[in-house]
Amino acid sequence: MKVAVFSAKRYDRELLAAANANAGHELIFFDDLLEISTVALTVGCGAVCVFVNDRVDAPVLAALAAGGTRLVALRCTGFNNVDLKAAAAHGIKVVRVTEYSPYSVAEHAVALILALSRKIHRAYNRTRDGNFELDGLLGADLHGRTVGVIGTGKIGRVFSRIMSGFGCRLIGYDKIPNPDFEASGGRYVQLSELAARSDIVSLHCPLTPETYHLVDADALALAKPGAILINTSRGGLVDTEAVIAALKSGQLGALGIDVYEQETELFFQDLSSTIIPDDLIQRLVSFPNVIVTGHQAFFTREAIGTICATTISSISAYAEGRPLEHEVHAVV
Ligand code: NAD
């Protein structure tokens, strides 16, 4: 099958090509995002393969359908960037990678917590400059802290087990409670109680219309003063302006984010020699108690290997008319 692969970095090209060695699909790689201005590149391709920031909206899906594309294969778990109803209306199937090392993202969330609570990012810069002063680096034990987990799915539960190992108390909030969370010592509470009691809040739910700006000014006002907020899920879960205000007032003690609402214009690119026009991200990176990583939580050898293998196997299943194990359906 002829497949147009968008947002293709060097590692995507190498690892997808390796996973495709026996499958024999014709992979055509593009650096560009899939969006309305690039969709013409897909004409004649039965499938497109996209990542988190490609814009697979209704106009793009209409153009894909007109050009003969019948499959959208996401190289990620989240599918908030695809208009599923428009895809269904055009007879285009959508597949994703339902599971790939939940450890990769959970461990990254923990890395952000450890770095922020022990100020590792500041110590790293100081010691490189010959400054071995401790003043300003006072941390806090994780042992005995209360950790609020929003979304106790695959990643949230791995995260919870790790935090439980540090001796943290776990409280959780999920639309669909999972007994495994309770089995590892967690207790489900309402969102308002989670906000009020947590020393650390970590977001592990998907971005949906319901969860958009879940963390807004009202939620932050309920939070325990000085709490740490971690978002490795999707940028749209957090109202960035409200978070900046809470950091400025001290209501929020620290912030670790791997995702950012306006990341499409920034992430996965080297902009170090340009003037970045986004004032919000510039303000965020200026805080000493904020760490921003550029959507790298998934980026482990194990996770990428599974992503590429699952993606190629879904494309093969579609090409051979077999059932699509990882299909995403529109909710009607
Ligand atoms: P999952 O489907 O296993 O778990 C998601 C959980 O969120 C489920 O338990 C679900 O019931 C819950 N949920 C759904 N709507 C909710 C709501 N309104 N309120 C509270 N909980 C709700 O997914 P997962 O594999 O654990 O992934 C979680 C998220 O992590 C993904 O949606 C994706 O956005 C993000 N992610 C980020 C990266 C990264 O590199 N930063 C990589 C993979 C996934």
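Of all the residues that make up segment 55-112, how many are of a type in the set (A, V, I, L, M) and part of a loop (DSSP other than H, G, I, E, B)?
Number of matching residues: 2.
Close contacts from segment 175-199, counting a first residue that is surrounded by 13 or more Cβ atoms within 10 Å (Cβ to Cβ) and a second that is of a type outside the set (Lys, Arg) and part of a helix (DSSP H, G or I), with Cβ to Cβ under 7 Å and a gap of 6+ residues or different chains, come to Phe181/Ser160; Ser184/Ser160; Ser184/Ser164; Gly185/Ser164; Gly186/Ser160; Ala195/Ala219; Ala195/Leu222; Ala196/Leu222.
Of the candidates Ile275, Ile244, the single residue that is more than 16 Å from the ligand (Cβ to nearest atom) and in a helix (DSSP H, G or I) is Ile244.
Residues in segment 90-126 that are free of Cβ contacts under 8 Å to residues at least 12 places away in the same chain and either open to solvent by 70 Å² or more (accessible area, probe 1.4 Å) or of a type in the set (A, V, I, L, M, F, W, C) (or both): Ala111, Ile120, Tyr124, Asn125. Considering every residue within segment 137-147, establish whether at least one is open to solvent by less than 50 Å² (accessible area, probe 1.4 Å), of a type outside the set (Asp, Glu) and within 18 Å of Ala183 (Cβ to Cβ). Yes, segment 137-147 contains a residue that is open to solvent by less than 50 Å² (accessible area, probe 1.4 Å), of a type outside the set (Asp, Glu) and within 18 Å of Ala183 (Cβ to Cβ).
Let's see how each residue does on (1) of a type in the set (Gly, Ala, Ser); (2) under 22 Å from the mean Cα position of the chain (by Cα):
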{"position": "Arg126", "(1), (2)": "no, no"}
{"position": "Gly130", "(1), (2)": "yes, no"}
{"position": "Ala140", "(1), (2)": "yes, no"}
{"position": "Gly144", "(1), (2)": "yes, no"}
{"position": "Val147", "(1), (2)": "no, yes"}
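Are any of the residues in segment 151-168 within 10 Å of the ligand (Cβ to nearest atom), in contact with a strand residue (DSSP E or B) (Cβ under 8 Å, 6 or more places away or on another chain) and open to solvent by 50 Å² or more (accessible area, probe 1.4 Å)? Among the residues of segment 151-168, not one is within 10 Å of the ligand (Cβ to nearest atom), in contact with a strand residue (DSSP E or B) (Cβ under 8 Å, 6 or more places away or on another chain) and open to solvent by 50 Å² or more (accessible area, probe 1.4 Å), which makes the answer no. For segment 7-31, the set of residues classified as under 16 Å from Ser314 (Cβ atoms) and open to solvent by less than 30 Å² (accessible area, probe 1.4 Å) consists of Asp12, Leu16, Asn20, His25, listed by residue number. Among the residues making up segment 176-204, those that are in contact with a Leu (Cβ under 8 Å, 6 or more places away or on another chain) and assigned to a loop (DSSP other than H, G, I, E, B) are Ser184, Gly185, Gly186. Residues that are surrounded by fewer than 21 Cβ atoms within 10 Å (Cβ to Cβ) and more than 7 Å from the ligand (Cβ to nearest atom) were ranked within segment 200-218; the one that is farthest from Leu116 (Cα to Cα) is Pro209.
Contact annotation: no residue pair with Cβ atoms under 6 Å, 6 or more positions apart or on different chains, pairs a residue in segment 285-300 that is within 16 Å of Gly136 (Cβ to Cβ) with a partner that is within 7 Å of the ligand (Cβ to nearest atom).
Within segment 46-67, the set of residues being farther than 27 Å from Glu320 by Cβ and within 16 Å of the ligand (Cβ to nearest atom) comprises Val52, Asn53.
I'd like the full set of residues that are in a loop (DSSP other than H, G, I, E, B) and within 16 Å of the ligand (Cβ to nearest atom), limited to segment 219-238. Scanning segment 219-238 gives Thr232, Ser233, Arg234. Filtering segment 68-96 to residues that are within 16 Å of the ligand (Cβ to nearest atom) and either under 13 Å from the mean Cα position of the chain (by Cα) or of a type in the set (S, T, N, Q) (or both) leaves Arg75, Cys76, Thr77, Gly78, Phe79, Asn80, Asn81. Residue count for segment 18-46 under the criterion of being assigned to a helix (DSSP H, G or I) and within 24 Å of the chain's Cα centre (by Cα): the result is 1. Residues in segment 32-51 that are open to solvent by 40 Å² or more (accessible area, probe 1.4 Å) and under 23 Å from Thr77 (Cβ atoms): Asp32, Leu33, Glu35.
The values are calculated or read from the model by the stated rules, or taken from the named source; none is laboratory data. No experiment lies behind these values; they were computed from the predicted model shown. Cβ atoms come from the backbone with ideal geometry, glycine included; neighbour counts cover every protein chain shown. Heads up: the accessible areas ignore ligands, DNA and RNA and are worked out on the full protein's heavy atoms, side chains in. Shrake-Rupley method; radii C 1.70, N 1.55, O 1.52, S 1.80 Å.
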